[in-house]
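A.B. asks: Here it is, the structure, as structure tokens.
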Amino acid sequence: MTLSPENNLYSHLRRGFGLDDAPCLILPDNAVITYGQARKRIGQYAAALKKLGLKREDRVTVQAEKSIESLFLYLGVIQAGGTYNPLNTAYTQSELEYFISDAQPHVVVCDPKNEAGTNEITARHNVKHVLCLDSEGAGSACDLADEAETSDEIIAVNEDDVAAIIYTSGTTGRSKGAMLTHRNLTSNAQVLHEYWQFVPGDVLLHALPIYHVHGLFVACHCALLNGSPMYFMARFDIDKVLERLPTSTVMMGVPTFYTRLLSDDRFTSELCANMRLFISGSAPLLAETHIECEQRTGHRILERYGMTEAGMVTSNPYDGERKAGTVGFALPGTKARIADENGKILKAGDIGVLEIKGPNVFKGYRNMPEKTAEEFRADGYFITGDMATMDEEGRVSIVGRNKDMIISGGLNIYPKEIEAEIDELNCVTESAVIGVPHPDFGESVVAVVVAKPGTDPAQSDIIDPLDGRLARFKLPKRVFFVDELPRNTMGKVQKNVLRAQHKDLFST
Ligand code: MLC
Ligand code: AMP
């Protein structure tokens, strides 16, 4: 293993950067940040972090809104050889403590509105520096970068140094920090850039959050490697997206983006005439959305499949047939197979668990060697937990999950975490949390609760106490009260029965 700046993800991204006067980011008010300005600013963040004593693989935990400054901070951390640890901005202060205790960051960057609470937490965990960044990109982190002399030095790293830690919820309710290396992120970015045939002149419409692999790595890395401009939007705002579509060529989104666009009459083939590629992932895209999009715009959405632990894993082809309801083929360099729960490899067409191997597959879960070992086979394949089939040609279809997980609007929610909070309430004997079909979010959270005898709680008695303890996107949208939960002969709650009972709850 050799230390070299060439192993640093940022070296690869920077080689793709456009000329100094080429546009890198275009903001909603039409302000343009050029590649030259971006490089200088990223170098200021790298220099400022060095001044704070940041060393190779020191963690920088960031819970800040999407802004040009938070993007440059990310790239500055990478340039400086640090480990970037973004957190969903919806996480509450009580959720934050766990991440800080696990990541043991050298620097924490938070929104100024959370500064007092964050300071209390960081004081308990010996964090050296707490900085602020608000939704406009202002705050002490930005001030520190302003004061720093920009640096072009890219810190030498090993290719398996950890470039990022992304927390993914665990089936036990405890989040796991997936450690992604410079090699993981570089290889995936290069493969996607080529597979999706990025070309000079491409313009990426970027409306995803940048605290997950989809918005931060897949989208930004492809654009940066291509030296392309990004329309950089704080969030998915349908009016702003429709306004930028005529001058964009590529958009990446979760299925909710597409269902929302399709429910708007302004989304037409004329509006999309300049578009080259619509990509969807993070949650299953309904075949009907795929078909409706083609009928309306002439574009066949390219669906791909990925996960925090491995970035992108499979993709429908760019040139070949993009089949609705499938996630395509293993990406070049990644191997995929379907196995039963004992690891026996199954034949084409059989349903089993998808297992994968490749340079994109993560190094392990931080501080969890046993958990990491459990999720790998002896021959190095990672057990994704997604149920899938593969046809004779190697085309993969995801048919379910063997992990008890809900995906709402592209965000993963683990029922266990919500059940644990509900079960703590005085009026509750037990609960089961399920995901049911939802026209906007794909799936939505529903709680089924057995109340304590002698109590008569209302829905708000369950939901209100969770507010502040769990991020709001995890809160149940509906609560049902029952005398008892359905169980099988082994005593296990039959969530499939509950899901069937409530499957039409949100149907329109
Ligand atoms: C927001 N809310 C949600 C929600 N997002 N509720 C359930 N599920 C969600 N995903 C709630 C908020 O708490 C709030 O409730 C209300 O909806 C309005 O909030 P908002 O922020 O205005 O919502 P909106 O902008 O409409 O956001 C919806 C969304 C967004 C779908 C556009 O969630 C989004 O951008 N999702 C993308 C997530 C993503 O990037 N996933 C990739 C993971 S990586 P209240 O009660 O407070 O009013 C991955 C690997 C891979 O999975 O393969 O890519
Ligand atoms: P995360 O842990 O947030 O990275 O989410 C990864 C999970 O999202 C995967 O394990 C899948 O369950 C799901 N996922 C991602 N892309 C797709 C897709 N195209 N179709 C179905 N599920 C998907």
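The values are calculated or read from the model by the stated rules, or taken from the named source; none is laboratory data. Just so you know, these numbers come straight off a predicted model, no measurement behind them. When we count neighbours, we look across all protein chains shown, and the Cβ atoms used for this are built from the backbone with ideal geometry, even at glycine. Heads up: the accessible areas ignore ligands, DNA and RNA and are worked out on the full protein's heavy atoms, side chains in. Shrake-Rupley method; radii C 1.70, N 1.55, O 1.52, S 1.80 Å.
A.B. asks: Quick one: PRO359 ticks every box in (1) farther than 23 Å from ASN184 by Cα; (2) open to solvent by 30 Å² or more (accessible area, probe 1.4 Å); (3) not in a helix (DSSP H, G or I) bar one, so which box is it?
C.D. replies: For PRO359, the exception is condition (1).
A.B. asks: Inside the stretch 420-442, can you point out the residues that are without any contact (Cβ under 8 Å) to a residue 60 or more places away in the chain and under 24 Å from ARG174 (Cα atoms)?
C.D. replies: The first filter runs over the stretch 420-442 and keeps only residues without any contact (Cβ under 8 Å) to a residue 60 or more places away in the chain, leaving 421-431, 433.
Residues satisfying the conditions are GLU421, ILE422, ASP423, GLU424, LEU425, ASN426, VAL428, THR429, GLU430, SER431, VAL433.
A.B. asks: Open to solvent by 10 Å² or more (accessible area, probe 1.4 Å), of a type in the set (A, V, I, L, M), in a helix (DSSP H, G or I) and assigned by TED's automatic domain parsing to the domain that holds VAL77: does that describe ALA141?
C.D. replies: Working: open to solvent by 10 Å² or more (accessible area, probe 1.4 Å): no; of a type in the set (A, V, I, L, M): yes; in a helix (DSSP H, G or I): yes; assigned by TED's automatic domain parsing to the domain that holds VAL77: yes.
So ALA141 fails the test.
A.B. asks: For MET307, which of the numbered conditions (1) hydrophobic (A, V, I, L, M, F, W, C); (2) touching a Leu at 6+ places or on another chain (Cβ under 9 Å); (3) within 10 Å of ligand 1 (Cβ to nearest atom) fails to hold?
C.D. replies: Every listed condition holds for MET307 apart from (2).
A.B. asks: Here are some residues: GLU424, GLU374, GLU393. Which one is open to solvent by 30 Å² or more (accessible area, probe 1.4 Å), away from ligand 2 (no atom under 14 Å from the Cβ) and within 18 Å of MET307 (Cβ to Cβ)?
C.D. replies: Details: GLU424 fails: within 18 Å of MET307 (Cβ to Cβ); GLU393 fails: within 18 Å of MET307 (Cβ to Cβ).
Going through GLU424, GLU374, GLU393 in turn, just one is open to solvent by 30 Å² or more (accessible area, probe 1.4 Å), away from ligand 2 (no atom under 14 Å from the Cβ) and within 18 Å of MET307 (Cβ to Cβ): GLU374.
A.B. asks: Confirm whether ALA207 is open to solvent by less than 10 Å² (accessible area, probe 1.4 Å) and within 26 Å of HIS438 (Cβ to Cβ).
C.D. replies: When the stated conditions are applied, ALA207 passes them.
A.B. asks: Give the residue that is nearest to ASN360 (Cα to Cα), with candidates limited to residues of the stretch 388-403 that are modelled with pLDDT of 95 or more and either within 16 Å of ligand 1 (Cβ to nearest atom) or under 19 Å from the mean Cα position of the chain (by Cα) (or both).
C.D. replies: The initial filter retains those residues of the stretch 388-403 that are modelled with pLDDT of 95 or more, namely 388-398.
In the following step, the residues that additionally are either within 16 Å of ligand 1 (Cβ to nearest atom) or under 19 Å from the mean Cα position of the chain (by Cα) (or both) were identified as 388, 396-398.
On the way: ALA388: 20, VAL396: 18, SER397: 20, ILE398: 19 Å.
The qualifying residue nearest to ASN360 (Cα to Cα) is VAL396.
A.B. asks: Okay, next question. State whether one or more residues within the stretch 327-342 are in a loop (DSSP other than H, G, I, E, B), within 10 Å of ligand 2 (Cβ to nearest atom) and modelled with pLDDT of 95 or more. Give the derivation first.
C.D. replies: To start, the set of residues in the stretch 327-342 that are in a loop (DSSP other than H, G, I, E, B) comprises 327, 331-334, 340-342.
If we keep only those that are within 10 Å of ligand 2 (Cβ to nearest atom) as well, we get 327.
Of the ones still in play, those that are also modelled with pLDDT of 95 or more are 327.
Yes: one or more hits.
A.B. asks: Same structure again: I want to confirm something. Restricting to the stretch 174-197 and keeping residues that are part of a loop (DSSP other than H, G, I, E, B) and open to solvent by 20 Å² or more (accessible area, probe 1.4 Å), which single residue is farthest from ASP386 (Cα to Cα)? Please lay out each step first, then the result.
C.D. replies: Step one: of the stretch 174-197, the residues part of a loop (DSSP other than H, G, I, E, B) are 174-175, 196-197.
Narrowing the set further to residues that are open to solvent by 20 Å² or more (accessible area, probe 1.4 Å) leaves 174, 197.
Values: ARG174: 19, GLN197: 28 Å.
By that ranking, first place goes to GLN197.
A.B. asks: Criterion first (farther than 22 Å from GLN501 by Cβ and either at pLDDT 95 or above or surrounded by fewer than 21 Cβ atoms within 10 Å (Cβ to Cβ) (or both)) does PHE441 satisfy it? Can you show your working first?
C.D. replies: Details: farther than 22 Å from GLN501 by Cβ: no; either at pLDDT 95 or above or surrounded by fewer than 21 Cβ atoms within 10 Å (Cβ to Cβ) (or both): yes.
Judged against the criteria, PHE441 is not a match.
A.B. asks: Moving on. On the given criteria, is VAL436 closer than 23 Å to ARG487 by Cα, more than 14 Å from ligand 1 (Cβ to nearest atom), in a strand (DSSP E or B) and not assigned by TED's automatic domain parsing to the domain that holds LEU285?
C.D. replies: Details: closer than 23 Å to ARG487 by Cα: yes; more than 14 Å from ligand 1 (Cβ to nearest atom): no; in a strand (DSSP E or B): yes; not assigned by TED's automatic domain parsing to the domain that holds LEU285: yes.
No: the conditions fail for VAL436.
A.B. asks: Now a separate question. If we keep just the residues of the stretch 310-321 that are in a loop (DSSP other than H, G, I, E, B) and within 18 Å of HIS193 (Cα to Cα), which is nearest to ligand 1 (Cβ to nearest atom)?
C.D. replies: Quick first cut of the stretch 310-321, residues in a loop (DSSP other than H, G, I, E, B) only: 310, 316-321.
Going one step further and asking which of them are within 18 Å of HIS193 (Cα to Cα), we end up with 310, 316-320.
Numbers: ALA310: 9, ASN316: 14, PRO317: 18, TYR318: 18, ASP319: 22, GLY320: 21 Å.
Applying the filter and picking the extreme gives ALA310.
A.B. asks: At least 1 residues that are within 30 Å of ASP467 (Cβ to Cβ) in each: list the strands (runs of 3 or more DSSP E) lying fully within the stretch 1-98 that qualify.
C.D. replies: 59-63, 83-86
A.B. asks: Now for a different question. The conditions are (1) more than 24 Å from the chain's Cα centre (by Cα); (2) surrounded by fewer than 17 Cβ atoms within 10 Å (Cβ to Cβ); (3) of a type in the set (Gly, Ala, Ser), and ALA432 fails exactly one of them. Which is it?
C.D. replies: Among (1) more than 24 Å from the chain's Cα centre (by Cα); (2) surrounded by fewer than 17 Cβ atoms within 10 Å (Cβ to Cβ); (3) of a type in the set (Gly, Ala, Ser), ALA432 violates only (2).
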